[in-house]
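> Please read through the structure below; I'll follow up with questions.
The values are calculated or read from the model by the stated rules, or taken from the named source; none is laboratory data. Predicted model only: the values in this text are computed from it and were never measured. Reconstructed Cβ throughout: ideal geometry from the backbone, glycine too, with neighbour counts over all protein chains shown. Keep in mind that these areas ignore ligands, DNA and RNA; they rest on the heavy atoms of the full protein, side chains included. Shrake-Rupley method; radii C 1.70, N 1.55, O 1.52, S 1.80 Å.
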Amino acid sequence: MKYNRILLKLSGEALMGNRQYGIDPQRLSEYAKEIKAITEAGVEVAIVIGGGNIFRGVAGASNGMDRVQGDHMGMLATIINGLALQSALEDAGVPTRLQSAIQINEVAEPFIRRKALRHLEKGRVVIFGGGTGNPYFTTDSAAVLRAIEMEADVILKGTRVDGIYNTDPEKDRMAIKFDHISFDDVLRKGLKVMDTTAFTLSQENQLPIIVFDMNKRGNLFKVVSGEKVGTKVNL
């Protein structure tokens, strides 16, 4: 395997499958199998999931809700998704721990860096819920922060498109895909990879990002083994 320890970032919307909202058990099961395959190959896996399939703080704020309250609701949504993925992974026989940035001790461990590192060293998958624990920060920011803290080799951003394009490939058939692009070029071209705070944090810490299609079977294993799948962003 090219990467020994990864941080996998999944959007909440990815868990919806073909539904309009909520969680699709079939999609969860598929993801669990993909993750199991790389853990069996010896890769240490940490995961951050968004909560957009349940609630988005920004969307709530745009409709008159207090932003801080909305973001706290979004954090709880990520914990719900984390619990669902933990259950799917354990059903597949993968030992998994859910750690939360906000205290919710009945359902998740508190985030403790040393404890999380120990779980990874023992071959357990660690899911980080609750974002950063602070409003106004996205789960993209949480993913980069946790990746740095866990000393991950790379951030893998699993999406429904197969990389980074110059325009939206779902709207523009002529969109051009980048196989490799630098942090500076992403910023110069105004491409949307992650929010600016998360992206800058990744750049400052020289942490590469690979954007790939998580819904294509076997893609996760290919990325971790070093095959050219998706788009790689680095210096």
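> Sort Val68, Val223 from largest to smallest accessible area, using a 1.4 Å probe on the heavy atoms of the protein chains. Don't skip to the end; give the middle numbers.
Values: Val68 50, Val223 5 Å².
Reading off the accessible areas and sorting them downward yields Val68, Val223.
> Under 12 Å between alpha carbons, and skipping anything fewer than 8 positions from Lys36 in its own chain: which aspartates and glutamates qualify?
Within the straight-line limit of under 12 Å, Lys36 reaches these aspartates and glutamates: Glu44, Glu90, Asp91.
> Computing the accessible area with a 1.4 Å probe over protein heavy atoms, can you report the carbon and sulfur percentage for the range 1-118? Working shown, then result.
Working: 2800 of 5750 Å².
Of the solvent-accessible surface of the range 1-118, carbon and sulfur hold 49 percent.
> How large is ³J(HN,Hα), in whole Hz, for each residue of the range 195-212 in order, when computed from phi with the Karplus curve 6.51 cos²θ - 1.76 cosθ + 1.60 and θ = phi - 60°, using x for Gly and Pro?
Values per residue, Gly and Pro as x: 5, 4, 4, 5, 5, 5, 4, 5, 5, 5, 9, 6, 9, x, 10, 10, 9, 8 Hz.
> Can you compute the helix-only [θ] at 222 nm over the chain? Use -39500 (n - 2.57) per DSSP H run of at least 4 residues, normalise by all residues, nearest 500 deg cm²/dmol.
Working: 8 runs with 89 residues, N = 235.
Helix-only estimate at 222 nm: -11500 deg cm²/dmol.
> While we're here: Cut-off 10 angstrom, C-alpha nodes, Gaussian network model of the chain. Which of Ala175, Ala101, Ala152 fluctuates the most?
Of Ala175, Ala101, Ala152, the Gaussian network model singles out Ala175 as fluctuating most.
> Once amide H atoms are placed 1.01 Å from N in the peptide plane, what residues at a sequence separation of 5 or more from Val154, or on another chain, have their amide H within under 5 Å of its amide H?
So Val154 has HN proximity to Leu7.
> For the range 5-11, take each phi angle, set θ = phi - 60°, evaluate the Karplus expression 6.51 cos²θ - 1.76 cosθ + 1.60, and give the result in whole Hz per residue in order, putting x for glycine and proline.
Each residue of the range 5-11 in turn: 9, 10, 10, 9, 9, 10, 7 Hz.
> What number comes out for accessible area per residue over the range 1-71 if the probe is 1.4 Å? Units Å², please. Spell out each step's value before the answer.
Working: 3370 Å² over 71 residues.
Result: 47 Å² of accessible area for each residue.
> Can I ask one more? Calculate the dipole size of the range 38-123 relative to its Cα centre from +1 charges on Lys and Arg beta carbons and -1 charges on Asp and Glu beta carbons; express the result in debye to the nearest 20. Mind showing how you got there, number by number?
Numbers: 8 positive and 9 negative charges, 60 e Å.
About 280 debye.
> Identify which of Leu201, Leu156, Leu220 has the largest mean-square fluctuation in a Gaussian network model of the chain, with springs joining Cα atoms closer than 10 Å.
Checking each option, the largest mean-square fluctuation is seen for Leu201.
> Continuing with the same structure: Pick from Ala147, Ala46, Ala59: which residue has the top mean-square fluctuation in a GNM of the chain where Cα pairs under 10 Å get a spring?
Evaluated over the chain, the most mobile residue of the options is Ala59.
> If we count every other residue with Cβ under 12 angstrom of Lys122's Cβ, Lys/Arg +1 and Asp/Glu -1, where does the sum land?
Spelling it out: positives minus negatives among the neighbours equals +2.
> Here's another thing I want to ask about it. Of the listed pairs Lys157/Lys177; Lys177/Lys228; Lys157/Lys232; Lys9/Lys33; Lys9/Lys171; Lys2/Lys216, which have alpha-carbon separations greater than 18 Å here?
Numbers: Lys157/Lys177 16 Å; Lys177/Lys228 13 Å; Lys157/Lys232 10 Å; Lys9/Lys33 16 Å; Lys9/Lys171 24 Å; Lys2/Lys216 20 Å.
In this structure, Lys9/Lys171; Lys2/Lys216 lie more than 18 Å apart at Cα.
> Using a 1.4 Å probe on the protein heavy atoms only, what accessible surface does Val107 show? Give it in Å² to the nearest 10.
Approximately 70 Å² for this residue.
> Rounding to the nearest 20 debye, state how big the charge dipole of the chain is about its Cα centre with +1 on each Lys and Arg Cβ and -1 on each Asp and Glu Cβ. Present the calculation step by step, with values, prior to reporting the outcome.
Numbers: 30 positive and 28 negative charges, 57 e Å.
Computed charge dipole of the chain: roughly 280 debye.
> Also, I was wondering about something else. Please name which of Gly17, Ile54, Ile35 has its Cα lying farthest along the dipole of the range 11-57 towards the positive end, using unit charges on Cβ (Lys, Arg +1; Asp, Glu -1) and the Cα centre as origin.
Among Gly17, Ile54, Ile35, the one farthest towards the positive end of the dipole of the range 11-57 is Ile54.
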